[in-house]
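Remarks on the structure that follows.
The values are calculated or read from the model by the stated rules, or taken from the named source; none is laboratory data. These figures come from a predicted structure and were not determined experimentally. A quick note on method: Cβ atoms are made from the backbone with ideal geometry, for glycine too, and the neighbour counts reach across all protein chains shown.
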Amino acid sequence: MKTAADELRDRFDCWLRGELPADAAAALLSVAASDPVLATEVAAYQDLLAQLRALPPAIAPEVDLWPGIASQLQASRARESRQRFRRRIAALAAAILLTVIAFAAWRTNRKQPVDARLEAVPVAAFSLAAYAKTDQTLGTIRDELRRAIEARQEKLPPETRALVFDNLRTIDRAIAEIEAALHAVPADPELARTYIAYRERQIDLLRQANRIAARL
Amino acid sequence: MTRHLLFAALLAFGLHQPVGAQVQIDRRRPAPAKGEVSIDNSFGTVTVHGWEQHEVLVQGTLAAGAEDFSFDSDKEGTSISVDVPEEWLQASGEDPAFRSALAVFVPAGSRVEVRSVNAAVEVEAVTGRVEVTTVNGGVRVAGPASAVEVETMTGAIEVHALAAPMDIHSISGSVLIEGATGEVRVETVSGTVHVNGSGLTSLEVQTTTGEVEFRGALARRGSLEIETFSSPVKLVLPRTTPAVFDLKTFSGNIKSEFCAGTPVLRKHFEPFRELHCSTGPDDFEIRITTHDADITLAAE
């Protein structure tokens, strides 16, 4: 059974796509503002949208990096259209990362000889910067949900509480391993996508636990 | 004063039943063929059977300490509810005395919604939408429901429904789906997920530590997507299954009886493993990801 909050979250999808009329969007945001958890999520989405809007216009690099990047972006968009709303953030994050990588690669490569460009490595700083901002946005949602479940944890039976927190630790360990890999290979978009997907799953788990705890 | 009179009138008509001792129930009310039937019973059992009659029949036994039993209806639907003392809901364990057993017969086309805490719920032969929410109670849905949505915390879930879109959520409760043909979505934290079906068009499973297995045949077009962190995934498919496979694991292993000769790649970095291959047109996509658990594709 969907809660009122879940019903609202369903409508976020239309809102993020810009499909809601202005008055409907305003009403949605007004209702969401009355719930601290939803309000935090809305703020985080708005922050992420602002990051997207602030990105420089796409500039194709001069060397053969672009076809690969473009195909990954296209694949990401195709998947996005098939998958549920919760994956949208992962795709957006990947798009941020890939676009920044493309831009950075173009800037790095445009004044170098072709051979030197093919060894383009110094995108790490750019990718990590974009990734850190997305990380922060998802972290805000996660922290709010974690606070909510911790506030409700007395409602959960001890064994279920232990199970939920054990599984959150499982995800934390996986995230830590991906983070370590990202430090080793910072420009790897697959790793970045995996990292964001794991963070999304962590949020999904917290949402699910909160939803059930709220019913108890 | 008006409310007291109304309540007295309801009692006189037998629509609300204050309960002081264990009470047998046998009530019926007319109901539309495709109306909504909502049932609330926190402890005990709820069984719902679809039938051809245009009425709802409730039979069973109410717990001795239940505060109220209501059985109401209007042109939109029927509501059945057993109210229990708040302290029962706060109790650390379930006392057998909390249990009410309801057998409810509904027009087969009804939309059925059941809410419970610890009650075991069973729904059979309903062709409308079925929605069940429990905390610890197990749930079993069988029959040609038009859609099935179940959420539990620890209760096991079993669904035998043909052609129904299914949306199943649990924390630690196991999930068994038999006869899956349409769209199936399952989310658990640690509950195991077993899906058997044929002509499946869409399966989406997410779990953190629950083992996942799908056994059966796929439709010509569609997708199967499974994500776990630390639990293995196994697919058992007909040997001739045409599909595009996209398997990834960070530190697990991939074993496949499909795509003979296609190597498991480690192209990104160690220990990441990937298998991308195709056994036919790209109309059915299979995507599986785990963090540190094995992925197995078996052919039969």
Revision key, fill the gap. Scanning the stretch B:213-243 residue by residue, the ones that are assigned to a strand (DSSP E or B) and either over 24 Å from A:Ala197 (Cβ atoms) or away from chain A (no Cβ under 14 Å) (or both) total 14
Review point. What is the one condition in (1) away from chain A (no Cβ under 14 Å); (2) β-branched (Val, Ile, Thr); (3) more than 27 Å from the chain's Cα centre (by Cα) that B:Ile295 does not satisfy?
Key: (3)
Exercise for review: Mind listing just one residue for me: the one in the stretch B:216-242 that is aliphatic (A, V, I, L, M) and modelled with pLDDT of 95 or more and, of those, surrounded by the most Cβ atoms within 10 Å (Cβ to Cβ)?
Suggested key: B:Leu235
Revision key, fill the gap. Over the stretch B:244-269, the set of residues outside any loop (DSSP other than H, G, I, E, B) and either away from chain A (no Cβ under 12 Å) or under 27 Å from the mean Cα position of the chain (by Cα) (or both) is B:Val244, B:Phe245, B:Leu247, B:Ile254, B:Lys255, B:Ser256
Exercise for review: Note down all Cβ pairs under 9 Å where the first residue falls in the stretch B:58-78 and is without any contact (Cβ under 8 Å) to a residue 24 or more places away in the chain, the second is in a strand (DSSP E or B) and surrounded by 14 or more Cβ atoms within 10 Å (Cβ to Cβ), and they're at least six residues apart or on different chains.
Suggested key: none
Point to revise | Options A:Ala214, A:Ala197, A:Ala181, A:Ala174: the member that is more than 7 Å from chain B (Cβ to nearest Cβ), assigned to a helix (DSSP H, G or I) and either buried (at least 20 other Cβ atoms within 10 Å of the Cβ) or modelled with pLDDT of 80 or more (or both) | key: A:Ala197
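Suppose the filter is surrounded by fewer than 18 Cβ atoms within 10 Å (Cβ to Cβ), under 22 Å from A:Glu41 (Cα atoms) and of a type outside the set (Ser, Thr, Tyr); does A:Ala148 pass it?
Taking the combined requirement at face value, the residue does not satisfy it.
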Review point. Among the residues of the stretch B:20-77 satisfying the criterion of being outside any strand (DSSP E or B) and of a type in the set (Lys, Arg), which is surrounded by the fewest Cβ atoms within 10 Å (Cβ to Cβ)?
Key: B:Lys75
Revision key, fill the gap. Here, strands (runs of 3 or more DSSP E) confined to the stretch B:118-211 with at least 1 residues that are more than 12 Å from chain A (Cβ to nearest Cβ), among the small types (Gly, Ala, Ser) and in contact with a strand residue (DSSP E or B) (Cβ under 6 Å, 6 or more places away or on another chain) are B:120-124, B:139-142, B:147-152, B:175-180, B:193-206
